[in-house]
Amino acid sequence: MGNNIVVKMKDVPKDERPRERLLKYGAEQLSNQELIAILVGSGTRKESVLDLATRIIMHFEGIKLLSEATIEELTAIKGVGIARGVNILAAIELGKRIKRYKPDEAYIIRSPKDGANFVMEDMQHLKQEHLVVLFLNTKNQIIHKQTIFIGSLNASIVHPREIFREAVKRAAASIICVHNHPSGDPTPSQEDIHVTRRLVEAGKIMGIEMLDHLVIGKGTFTSLKEKGYL
């Protein structure tokens, strides 16, 4: 029978401890395991904090799935209680918010890619379809963003009045409609095209131009304007 030797953090040379390495070299130089070890704080009687951090990452097969973890999934891992799970979730959410942060100065849309970049992080991983509208002023600056509808796009359900009522309220000069495909494939459906054309016609009547309709996939998008449907 072999003996399991548990290396405790206090037995690790100071220069090799995650916290000390972060202070000396900067957070960007630490591995994923080391960063999680700092969040977890300590190991258990049977394993070091680095071993526990490694198990957490292995459980989720990497940090991509860890980014979508729930408290139930985290606490199901032996050695991860409520407190440790909460620390990890808080760090993940803070990272997401920092990535989504937009400066106070107005965001200008100059191309379909600008519009897609503005919503990509928020929309590419949604499990349901969301119809989001960007309301722009005469300088093509975004003055408001609003989720109008959640569910599969259908011309009989998505009413132009919902969108253009908000556009009038915001004194918008133009709009860009955006919706996501949870499948990850941004290829527009016939219903997407039908809804687009209906909104374009409504915009002409209202005097509010529909600049584009973007379909968001996993890290990619399709512009219906570039496809010639507007």
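Remarks
- Percent of C-alpha pairs per 5 Å bin, segment 112-223, short to long: 2, 13, 26, 26, 20, 10, 2
- Each label was represented as a point 7 Å from its Cα along the Cα-to-Cβ direction; for ASP15 and ILE148 these points are 6.2 nm apart.
- Estimated vicinal HN-Hα couplings, Hz - segment 223-230 in sequence order (Karplus 6.51, -1.76, 1.60; Gly, Pro = x): 9, 5, 5, 5, 7, x, 8, 9
- Expected 222 nm ellipticity per residue - DSSP helices of 4 or more, -39500 (n - 2.57), all of the chain, to 500: -12500 deg cm²/dmol
- The structure shown yields Kirkwood radius over Cα pairs in Å, and of the options (1) 19.2; (2) 20.7; (3) 17.9 that calculated value carries the label (2).
- Expressed to the nearest 5 percent, the antiparallel share of DSSP beta bridges inside the chain is 70 percent.
- Net charge dipole size for the chain [Lys, Arg +1 and Asp, Glu -1 on Cβ; Debye, nearest 20]: 420
- At R0 = 45 Å, FRET efficiency that the Cβ-Cβ distance of TYR25 and ASP114 yields, to 0.05: 0.80
- Per-residue Karplus couplings for segment 146-153, computed as 6.51 cos²θ - 1.76 cosθ + 1.60 with θ equal to phi - 60°, are listed in order as 8, 7, 9, 7, 10, x, 5, 5 Hz, Gly and Pro entered as x.
Only the coordinates and a few stated rules stand behind these numbers; no lab work does. Everything numeric in this text was worked out from a predicted model, so none of it was measured. Virtual Cβ from ideal backbone geometry, glycine too; neighbours counted across all protein chains shown.
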